[in-house]
Amino acid sequence: MTTGMIDLPPVEADPLLGLLAAVRADTREGKVDLGVGIYKDAAGQTPVLASVRAAELKRLENETTKSYESAQGNPVFGQEIGRLVLGAGHDRHAVFATPGGSGALFIAMRFLKRLSPTGRIFVSKPCWPNHLGIANAVDMPVVDYAYAPKGDGYPDFDQVLAGLQDLKAGDAILLQGPCHNPTGTDFSADQWDALADKIASVGAIPLIDMAYQGFAHGLEEDVAPLRAFLAKVPEALITYSCSKNFGLYRERTGALIVQGATPSAVERATTHLAAIVRTVYSMPPSNGPAIVANILSDPTLERQWQEELAEMRQRLQALRTGFAGELVRAANDDRFSVVAEEKGMFSILPLTKDAILTLREEHAIYMPGSGRINVAGLPEDRLAEVAAAIGPHLIR
């Protein structure tokens, strides 16, 4: 038993943060960082979008107070994020501005715990590791379901359904929106439809985590199957991150959307969510939501942002296509062409931990022990070189 801080055992550092420190300490020229999940341009920088810069200047020119906003935050931000995700005319939802997507997930899981104290949460395996960390922090039992890419750009849906056989009322299921982290493998529209039928039939609550809207096919295309899914389930929670598609990483800008069966149900849920927010961070940040609100409520800025987002998406797809071709050549195996079919920033390469360490030591190529790579970190003028280093180590 600990009696004070001096008796506390240290907590093991997050592996990704340790990887970041190792990259920074490496003095070799030409090192390749495929680790931490941030978008990078051709120069290896994470840029401030021109639309973001203009929106922030607009905020500075028009801001008249530093007073708190409400627990839900900037109302224009909430309105515009609701439109971006759910479309116009959706009348049974509420939106909370949150400290990043992680803050939204924490509030959502605390709310789910309040709704069903004995409920479990089903989470894909593999998943974004912080999904498990947040579930553990709010004492929600986790049940994993297999999420294995089939090699055609989609997950093995039979395995997914097999993992959901025990899903029941009072449980929640965490689903990722476009650009699954870490696999880059998304559900098809038909699979989303079948999931909606399954979840609605047992009375479970879906928690949809959206961190990459616009990075797969386009803003509207990425949410079309989700909107059809949400039309079939009476209740849902959606967490949203503006880190990637707006480039607002350090601003910690996110949202939590609650959908209820009726507008009155949403109002009741909102009172509980506000009470949870009060005990965690009391009031949300304002700068990031104000930037997003200024962009989405200004047609000129919104068009500019959409053009910048399209450039990021096209760059990622070009990197995927080029790298997939080089991997196929380096490994002499067509299976690795699937990297071009996957979406967003991440893919998982079949590598042993020893091979990953060898790549780090001998080639200054850095990635987590899972083999998950950040495609945005690939140097576009060295794809053949990186693939040639990785190819011999790929598990066939």
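Between T27, T65, the distinction of being outside any helix (DSSP H, G or I), open to solvent by 70 Å² or more (accessible area, probe 1.4 Å) and within 30 Å of I348 (Cβ to Cβ) belongs to T27 only.
V339: touching a strand residue (DSSP E or B) at 6+ places or on another chain (Cβ under 8 Å) and assigned to a helix (DSSP H, G or I), yes or no? Yes: the conditions hold for V339. Residue check: K58 meets all listed conditions (1) part of a loop (DSSP other than H, G, I, E, B); (2) more than 30 Å from W128 (Cα to Cα); (3) open to solvent by less than 80 Å² (accessible area, probe 1.4 Å) but one, namely (1).
Criterion applied to G44, G82 was being out of contact with any Phe, Trp or Tyr (no Cβ under 9 Å at 6 or more places or on another chain), at positive phi and touching a residue at least 24 places away in the same chain (Cβ under 8 Å), and the one residue passing it is G44. Look at the range 113-124: where a residue is within 15 Å of I276 (Cα to Cα) and open to solvent by 40 Å² or more (accessible area, probe 1.4 Å) and a partner is at pLDDT 95 or above and among the β-branched types (V, I, T), sitting 6+ places away or on another chain with Cβ atoms under 9 Å, you get K113/V138; R114/I276; L115/I205.
Only one of the listed residues (E307, E342) is closer than 28 Å to R252 by Cα and either in contact with a Gly (Cβ under 6 Å, 6 or more places away or on another chain) or among the basic types (K, R) (or both). That residue is E342. All conditions in (1) outside any loop (DSSP other than H, G, I, E, B); (2) farther than 22 Å from R250 by Cβ; (3) charged (D, E, K, R) hold for D91, with the sole exception of (1). Each residue in the range 1-16 was checked for being touching a residue at least 12 places away in the same chain (Cβ under 8 Å), of a type in the set (A, V, I, L, M) and open to solvent by 70 Å² or more (accessible area, probe 1.4 Å), and 0 of them qualify. Do you know which residues across the range 91-110 are open to solvent by 20 Å² or more (accessible area, probe 1.4 Å) and under 23 Å from the mean Cα position of the chain (by Cα)? Within the range 91-110, H93, P99, S102, F106, R110 meet the criteria. Looking at the range 203-217 only, could you name the residues that are in contact with a Gly (Cβ under 7 Å, 6 or more places away or on another chain) and without any contact (Cβ under 8 Å) to a residue 40 or more places away in the chain? The one that is in contact with a Gly (Cβ under 7 Å, 6 or more places away or on another chain) and without any contact (Cβ under 8 Å) to a residue 40 or more places away in the chain: I208. Residues that are open to solvent by less than 70 Å² (accessible area, probe 1.4 Å), over 19 Å from A275 (Cα atoms), part of a loop (DSSP other than H, G, I, E, B) and touching a helix residue (DSSP H, G or I) at 6+ places or on another chain (Cβ under 7 Å): does the range 77-88 have at least one? Within the range 77-88 (the criterion being open to solvent by less than 70 Å² (accessible area, probe 1.4 Å), over 19 Å from A275 (Cα atoms), part of a loop (DSSP other than H, G, I, E, B) and touching a helix residue (DSSP H, G or I) at 6+ places or on another chain (Cβ under 7 Å)), the answer is yes, since at least one residue qualifies. Restricting the search to the range 192-249, which residues are under 26 Å from M312 (Cβ atoms), open to solvent by 30 Å² or more (accessible area, probe 1.4 Å) and hydroxyl-bearing (S, T, Y)? Across the range 192-249, the qualifying residue is only Y249. Taken over the range 293-322, the criterion of being under 12 Å from A55 (Cα atoms) and among the charged types (D, E, K, R) is satisfied by D298, E302.
Residues in the range 342-358 that are touching a helix residue (DSSP H, G or I) at 6+ places or on another chain (Cβ under 9 Å) and buried (at least 17 other Cβ atoms within 10 Å of the Cβ): E342, K343, G344, M345, F346, S347, L349, L351, A355, I356.
Within the range 132-145, if we keep just the residues that are touching a Ser or Thr at 6+ places or on another chain (Cβ under 8 Å) and surrounded by 15 or more Cβ atoms within 10 Å (Cβ to Cβ), the residue that is farthest from G260 (Cα to Cα) turns out to be Y145. Only one of the listed residues (E380, E361, E385) is under 21 Å from L309 (Cα atoms), surrounded by fewer than 22 Cβ atoms within 10 Å (Cβ to Cβ) and of a type in the set (D, E, K, R). That residue is E380. Within the range 218-232, residues that are touching a residue at least 40 places away in the same chain (Cβ under 8 Å) reach partners that are surrounded by fewer than 20 Cβ atoms within 10 Å (Cβ to Cβ) and small (G, A, S) with beta carbons closer than 7 Å, at six or more positions or on different chains, in the pairs R227/G87. The residue that is surrounded by the fewest Cβ atoms within 10 Å (Cβ to Cβ), among those in the range 250-262 that are of a type in the set (G, A, S) and assigned to a strand (DSSP E or B), is G254. Restricting G369, G322 to those that are open to solvent by 10 Å² or more (accessible area, probe 1.4 Å) and at pLDDT 95 or above reduces the list to G322.
The values are calculated or read from the model by the stated rules, or taken from the named source; none is laboratory data. All values derive from a computational prediction rather than experimental measurement. We place every Cβ from the backbone using ideal geometry, glycine too, and count neighbours over all the protein chains shown. In case anyone asks, the SASA skips ligands and DNA or RNA and just uses the protein heavy atoms, side chains included. Shrake-Rupley method; radii C 1.70, N 1.55, O 1.52, S 1.80 Å.
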